Every structure is written in C-alpha cells, then in structure tokens.
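In what follows, a structure is listed as structure tokens, so that the remarks can point back to it.
The values are calculated or read from the model by the stated rules, or taken from the named source; none is laboratory data. Here the structure is a predicted model, which is why all the values come from computation and not from measurement. All Cβ positions, even for glycine, are placed from backbone atoms using ideal geometry, and neighbour counts span all protein chains on display.
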C-alpha cells in the first residue's frame, strides 16, 4: 500500500477509470486539468465516509463506492449542477485485500458510465484505522446560477422529489427485518439505503424555477431547517403530504409513528426545494420531463424554523429529541 | 462531532477561512462555485494524510494543517499552476479536543494569507480511528499549458529547486538528534520536514521553459524515475551536483552516505524539472526573478531509468534496496 505497491494498485484499478478523459493523464501526473465549457461555472463539493460510521464493515465494496459517488452527485444535483468529474482519496486498511479494492473500483466504473462522470485524480494511502474515503465532485452550471439554500420567500411552496424515509427504513431492515414487509419491499428499502438515486436530471431543470434547494441527507426536517435559517423564513410542512414509497407505507400502516421517523431519518438523497407559486406549473413540467416524481409538501411563511402539521392541521407536539431543536 | 455539533464546529473554525470568497457561501451551502479567470484552465490535485503514517501524533496541529495544504500547493506549483482555493475533508477522532481543531484551523488561516488561497468547502466527520485529512487543491494555468511529466527529451538538462534531503534529515532529527548539528541547524531541518516551502512562485514561471516537471515528495531519485518513465528517456544525475543545505552538508561531512540518503529521502517538496539547453538562460533568469535557487544536476539521455553518477563519474553500485529498482 505504499511505494511501488501503491503505484501498481493505482495503475491496475483506478487509472482505467480515467479512460476517455485526456486531461486526467491516466493518473500518471500529480494533477489533472479541467476547463468548464463556455458560459459555465464549476460547482465543487466534497464528502468523506468512514468504515463503521457511514457504512457497515460488511457492506459490499461496490455499493460503498457507488454510494460515496452518488451522495456527492446528489449535492451537485441539488445545486442545479450537471456532474462532470471527481477526485478520490482512499485510505485503505493495511490488510485490505486486492479483490476488495477491485470491487470498489468496479462500483465506481459502473456508476461513471451511468452518470457520465470520470475520475480525474486523487491519492491512495494506507491506514492503521478504518477505511476512509473522501470524494470531491465537480459539476457545471450555466452562468453562475447555482441553486442556493438562501432564496426561499414567504408564499413559496415547499417540494420534495421521490419518496422520503426509505434510506432510514432500509438501514433499520439491515438491523432488524420488519415483519410486515415482502421480500421485494425489503430489498427495495435496503437498495435505497445502499445505492441512493441522485436526482441529476431533475436538479439542473430546476435552475431558474426553484428559489432554494438542497439534498436531503441528514433527515428532511433537519435539512429543511437549513433552508429556513439561510433564507430567514419559516417552513410549514404537512406531514400527510410527505410522499412515502409503497414499502414505507406498508411499515407506516401498522406503525403510525414510522411516518414521523421518515421525516427525520437520513440517507434520502432526494431534492427538497422551494418554488414560487407562479412557477409551479413550469416546475411540474420540468419534473415530468425528467421523469421524477415531485410532491408539494408545505409552504414558506414569515418567521423561522420548520413546523410539522399533523393530519388535523395542528403542529405535532415536540417531545425530547423531537422537532423543537429545529426552532419554532 | 456530528449533527448540531458538527455544524457549530464548522461555523466556529472553518467558515471564517472562507472570508472574502463570496462563492464559498460561508460554508452554509453544500457546494461552492468556481470560475477560472478568462483564458485560464483549472488544475486540480488531491492528497490524503493519516495520523501516525504521514505525521507524528504529537506534531503541532498548526504544522499538520500547514503541511497538508503546502504539499498540495507544491503539486500545483510543479504543474506551473497558481494556487487559488481548496476543499478539505477532515475525519477527527471522536475524542478530539476543540483547541486541537482551533489550532489546526489557525495553521490553515496563516498559510491562506501567505499563499493567497481560500477554503472553498469540504466535510467534517468523526472517526473511531486515527485523524485522517484529505485536501483537494485547485489552481490555474494560462491556456492549457500545465507542466507534465512526459515532455523530457534527450539533451535536456535536469534541474532542481532549493536543497534536497532536508525533509528526511529533519524527520531523522525528530527520532535521534545528530551530534554534528548546531541547534539552529536542527531547528532548520525539523522546520523543513514539518513546514515545506512549496515553490509557488517558481512553478508558474517555468511554463514554456521546462519540458517536464514534478514535485519531489517521495525522494528525488524515485520521483525523477516518473519523469524518465513518462517521457520515455533516461536521466543521468551527478550526485555531487545535488544541492544540500548547510545543515545537510554538516551531516554529510562526517557521514558521506548521508548524501545518498538525501537522494532517496522524501518530503523535499522542491520542483525537479528538465529544460532544453536553449532555454537554460531564460529559466535561470525566471528563477532569479522568483528568488529561488535552481541547480543543474544532470542530463536527459536516450534510454530509460535514472542513473546516479558518483564523484568519479561512474555509476554508484546498486545494493539491495538501492537504486536498481528504478531501472537502468
């Protein structure tokens, strides 16, 4: 994992991931070159994951790699950016076996093809601790119109893509299978946890339509709190309008609090955004064109924090560890 | 180190590092925007460091941070790029104390001012293992003229900036003080190990002059081997011409093999490059203007690998673990 061994590993498993990208120089240089296309600005984001903290030690290496790439592509998508390339630094445990690394690289290769991105550079080191990966993703937005967290205005509608809570339900399934689920539903939830679906086609189509956006990674309510804070507004969310998947509904049917857990569970990697009412129709057309389901789940008000309304229109009580620390 | 604690840490220690950089959005968004100046291409590079592997656990946090930033700026400099910004992902041990993080951030702040770069984004996570940091540095080159490893041609001269071996001697000093050194020399060598001097002013001035370049991080001979391989040439190095610092000379005086150790020790962070003879005078003028010492240490030949010539002009014998695995 150092010296000549490191170079051989990079050449065998990672250099092929730069194929077709002349400015990555096959990882034979210490750096790569990058030029945004005419009229585009670059958007950059970085995330780190640690074995045993962000993924389970026995998760398949392919899905660890794909999730790492996808959570970064999700950040780009929520900013309206089209993904282009990424840099990866990998700290592999000293006793890592080469097939593990090969599988990890295969996962990246698979998703590179799917999302049209390429490895641009990085670093490989050995660690006496848990495997630790850091990925810097680079995308492009036309002009300098990156979607921000700070543009929500009172009167705007709050929307979310896809379904919420599946990632959290999937993680729970890995720990303790839920008796009400079919095998297919169980597999669906685990796949949603392990292999998020970054909304890379929806995000860029929201440019000029959404007033604020972010990706849902730490839990819908907590993340919406960032939009509230950065925009200086309050958000009112209708709990019943938050879309659950059929598998999520199967859980919530016999266990109503599961619907609330879905609102605070992480690993959704959907886009939560606000849109002025006048642009709702245009946004719905854009989402239909991207073939991504979008649901209106609430509205922006004067004030601060995130309020969750129950089925009867009254705010949920906030117990200890509940929603109150998001401010109301 | 997670949830609200992470946000507070970022706000207190890392958000101030984005001051004056509107497109970093004070780290309040998940991503930052970046536009190269007109006519410039971006150059990107990434390095990771692990506690106990790349630095000593009791190294001062300021110098760990500064070295991490500087080794990446050194990569950019060797490509001819002017540094602009960086992203940082930090995996802090769960029991890290906030003063340690504050000191780490102070080190970054100090070097940001010195090198004219800014934090653009990143991620902060907790790890049960050793502290692990990854830094992606972004620079600019005019046109698309990044210096490569692959342009050396037979007849070119091999050059190196500054002095070689100090980093390795400095690391040795931390383990076992050398009896022949003054206190000032000892401090100088340790500082060279802990706080490398990336040649950010020399690098860009070599554009259009050097035919190949890289920064010396893994040992001069090993790194020159990359230029030989990527350029398809052989390099002949005159050991006596490789510049040592006064402290390095003080060690080599009573211990001649130390001169050879200097050639294979790491952590120099000087620029090694090749230059066509016709451009030697122009290169020397550029180096003088950047106020960086440059020494001619050898020449490029047909063939392959790196040959080190002793004082009498004959190649050194390659013992076990010696120079032979770099190819001759």
Quick one: is residue B:119 modelled with pLDDT of 95 or more, within 14 Å of chain A (Cβ to nearest Cβ), in contact with a helix residue (DSSP H, G or I) (Cβ under 6 Å, 6 or more places away or on another chain) and under 22 Å from residue A:90 (Cα atoms)?
no
Condition first: surrounded by fewer than 17 Cβ atoms within 10 Å (Cβ to Cβ), closer than 15 Å to residue A:226 by Cβ and at pLDDT 65 or above. Now tell me which residues in the range B:1-33 satisfy that.
B:6, B:8, B:11
Exactly one of these conditions fails for residue B:34: (1) more than 8 Å from chain A (Cβ to nearest Cβ); (2) under 27 Å from residue B:210 (Cβ atoms); (3) in contact with a helix residue (DSSP H, G or I) (Cβ under 7 Å, 6 or more places away or on another chain). Give me its number.
(1)
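One line per residue, one yes/no per condition, for (1) in contact (Cβ under 8 Å) with a residue 12 or more places away in the chain; (2) surrounded by fewer than 20 Cβ atoms within 10 Å (Cβ to Cβ); (3) in the same structural domain as residue A:31 (by TED's automatic domain parsing):
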site: A:107; (1), (2), (3): yes, no, yes
site: A:121; (1), (2), (3): yes, no, yes
site: A:126; (1), (2), (3): yes, yes, yes
site: A:136; (1), (2), (3): yes, no, yes
site: A:149; (1), (2), (3): yes, no, no
site: A:163; (1), (2), (3): yes, no, no
site: A:166; (1), (2), (3): yes, no, no
In the range B:37-58, which residue that is more than 8 Å from every other protein chain (Cβ to nearest Cβ) and assigned to a strand (DSSP E or B) is farthest from the chain's Cα centre (by Cα)?
B:40
I'd like to verify a number: residues in the range B:182-201 that are in contact (Cβ under 8 Å) with a residue 40 or more places away in the chain and in contact with a helix residue (DSSP H, G or I) (Cβ under 6 Å, 6 or more places away or on another chain), how many?
12
Number of the condition not met by residue B:152 [criteria: (1) farther than 27 Å from residue B:193 by Cα; (2) facing chain A (nearest Cβ under 10 Å)]:
(2)
Quick one: would you say residue A:78 is closer than 30 Å to residue B:34 by Cβ, in contact with a helix residue (DSSP H, G or I) (Cβ under 8 Å, 6 or more places away or on another chain) and surrounded by 20 or more Cβ atoms within 10 Å (Cβ to Cβ)?
yes
Taking the range A:125-135 and keeping only residues that are closer than 17 Å to residue A:69 by Cβ and within 8 Å of chain B (Cβ to nearest Cβ), one is left with A:132, A:134
Of the residues in the range A:72-92, those that are touching a residue at least 60 places away in the same chain (Cβ under 8 Å), at the interface with chain B (Cβ under 10 Å from one of its Cβ atoms) and closer than 18 Å to residue A:109 by Cβ come to A:72, A:85, A:88
Can you pull out every residue in the range B:136-148 that is under 15 Å from the mean Cα position of the chain (by Cα) and facing chain A (nearest Cβ under 7 Å)?
B:136
Could you tell me how many of the residues in the range A:103-124 are over 14 Å from residue A:69 (Cα atoms) and within 20 Å of the chain's Cα centre (by Cα)?
0
